[in-house]
Structure formats: structure tokens, C-alpha cells
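The values are calculated or read from the model by the stated rules, or taken from the named source; none is laboratory data. Values in this document were obtained by computation on a predicted structure and should not be read as measured data. Here Cβ is always computed from backbone atoms with ideal geometry, including for glycine, and neighbour counts include all displayed protein chains. Areas reflect the complete protein model, heavy atoms only, side chains present, ligands, DNA and RNA absent. Shrake-Rupley method; radii C 1.70, N 1.55, O 1.52, S 1.80 Å.
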Amino acid sequence: MAKQGQTTDRGLEGLTAAVKDAANANSAGKGLPPVHLWNPPFCGDIDMRIASDGTWFYMGTPIGRPALVRLFSTILKREDGKHFLVTPVEKVGIRVDDAPFLAVEMLKEGDSRGRLLRFRTNVDDWVSCDSAHRLRFEAAADGGLTPYLHVRADLWAKVTRALYYDLVDMGEERVVDGRPMFGIASSGAFFAMADAEQVRGAL
């Protein structure tokens, strides 16, 4: 049983105030709080869950304020496969059913290395797909594939089904480690989706 601390006792409003204080104390004044620099004591788990469709719940009720969801998303941290909300003084555990973010929009642009894909998440972060923010593909229950985009610091966004079909449409074959692979190119990097022979057989 996780030890119950101040954050778990005071509820959502108290946590919201702590997050706002952390954001205001961010010396840069812009961008995301430096959660990678914070290592506060663990204060227990709270009844907060991010569902597979990206909806945030607190005590079983959806959090209906997008600005509040956005605020909480800025202090997400993942350690040893578990997700936490972190401030400079406390850390609480939450449940994440799949990935903490959804990639809900995609733009196809160009850079010096050719095509550049940019994705918008459900909390309005824009992420450029490149070698530091890669795509990975996992087997789905229906026999297809589910793409995920690396957002930051071991936090991932599940790419929506509609965008997955768009990715398939722009996919191409390349030889990777001596094997023909079907995948997606963006910003000079290639992200293998599946064996090219399997894809040919499925089309």
C-alpha cells in the first residue's frame, strides 16, 4: 500500500494549486517545467487515470476542463514504466491505460532532409517526427499495427487510427539491416513499420 501523503489527502484543487505554483516558479518563464530536474519524495498514488482515448479522469469523473488537463500534462513523468505527476516538492502516481497522449493531427512539411511530419497531440503540443522523436509500431489486438510517437522523456502519444491510415498511404520500402522493410520517412530518419513482404501480401 502506498504511503498516503499531503497531495493524496488534499485532492484535485490542492494538486492544481501546486502545479500552478511550479509553473510560475519555472525560471525560464516559457515552455515546459523542468520535471527532469525534480526528484521530490513519493507521496502515494491518487485516483487519476488517463484512458486509452486520451480522457483524463479524477475519482472516476472525466476532467472536463482542457486547460486543467493541459496543465497536468506538463508535469507528467515516467519512471520504471510508471507515470507520475511531479512538482518540485512532491510526486504522486497515476494510472495510464495505454499512452498518456494522443496524436490527433498531422502536417506534412519539408526540411533540409526532405519530408518532415509534424504531429499535434490532444494537449496541443506540436512534435516533429525525427530521430529524437521517433515512430514505433506495435501489434494491435485486431491484427493490425498501432503507431506511437515519442513526445519527450519516455512519454508517448498513440497515433489515431485515421492518421495511421495516412501513414500507410505515404509509406515506402527501404532495406534495413539487409531486409526490405515498409515504413515511414521523416526528417532524414526511417521508421520501419513491418516486413515489406508481409505488407505486399496484405495489400
For region 63-80, Karplus couplings with θ = phi - 60° (6.51, -1.76, 1.60), whole Hz, Gly/Pro x: 7, x, 9, x, 5, 6, 4, 4, 4, 5, 5, 6, 10, 6, 9, 10, 9, 6
Note to self: C-alpha centroids of region 119-163 and region 55-110 sit apart, in Å, by 14 Å
Result: in the chain the number of Lys pairs with C-alpha under 28 Å apart, spaced 8 or more or on different chains, is 20
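Kindly state, to the nearest 0.05, the FRET efficiency for residue 12 paired with residue 195, given R0 = 45 Å and r defined as their beta-carbon distance. Present the calculation step by step, with values, prior to reporting the outcome.
Numbers: r = 47 Å, r/R0 = 1.04.
Between residue 12 and residue 195 the formula returns 0.45.
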With label points built 7 Å along Cα→Cβ from the Cα atoms of residue 53 and residue 20, find their separation and express it in nm. 3.0 nm
Quick shape check on region 6-96: root eigenvalues a ≥ b ≥ c of the Cα gyration tensor, a/c under 1.5 is rounded, otherwise prolate if a/b tops b/c, else oblate, and it reads rounded
With x for Gly and Pro, the residue-by-residue ³J(HN,Hα) of region 91-97, computed from phi through the Karplus equation 6.51 cos²θ - 1.76 cosθ + 1.60 at θ = phi - 60° and given in whole Hz, is 9, 10, x, 10, 9, 10, 5
Given labels modelled 7 Å from the Cα in the Cβ direction, how far is it in nm from residue 170 to residue 138? 2.4 nm
Would you mind computing, in nm to one decimal, how far apart the modelled labels at residue 79 and residue 97 are, each placed 7 Å from Cα along Cα→Cβ? 2.7 nm
Given the options 31, 143, 60, state which has the largest fluctuation in a GNM of the chain using a 10 Å cut-off (strictly under) for Cα springs. 143
I want to verify a result. In a Gaussian network model of the chain, Cα cutoff 10 Å, which of these has the top mean-square fluctuation: 70, 49, 179? 179
Can you give the percent of C-alpha pairs in the chain whose distance is more than 28 Å? 35 percent
Can you give me the % of accessible surface on the chain that is carbon or sulfur? Probe 1.4 Å, all protein chains present, nothing else counted. 51 percent
Beta bridges by DSSP in the chain, antiparallel share as percent, to the nearest 5: 85 percent
Length-normalised contact order for the chain - Cα pairs under 8 Å, 6+ apart - percent: 15 percent
Taking a ≥ b ≥ c as the square roots of the eigenvalues of the Cα gyration tensor, with a/c under 1.5 meaning rounded and otherwise prolate when a/b exceeds b/c and oblate if not, region 101-201 is oblate
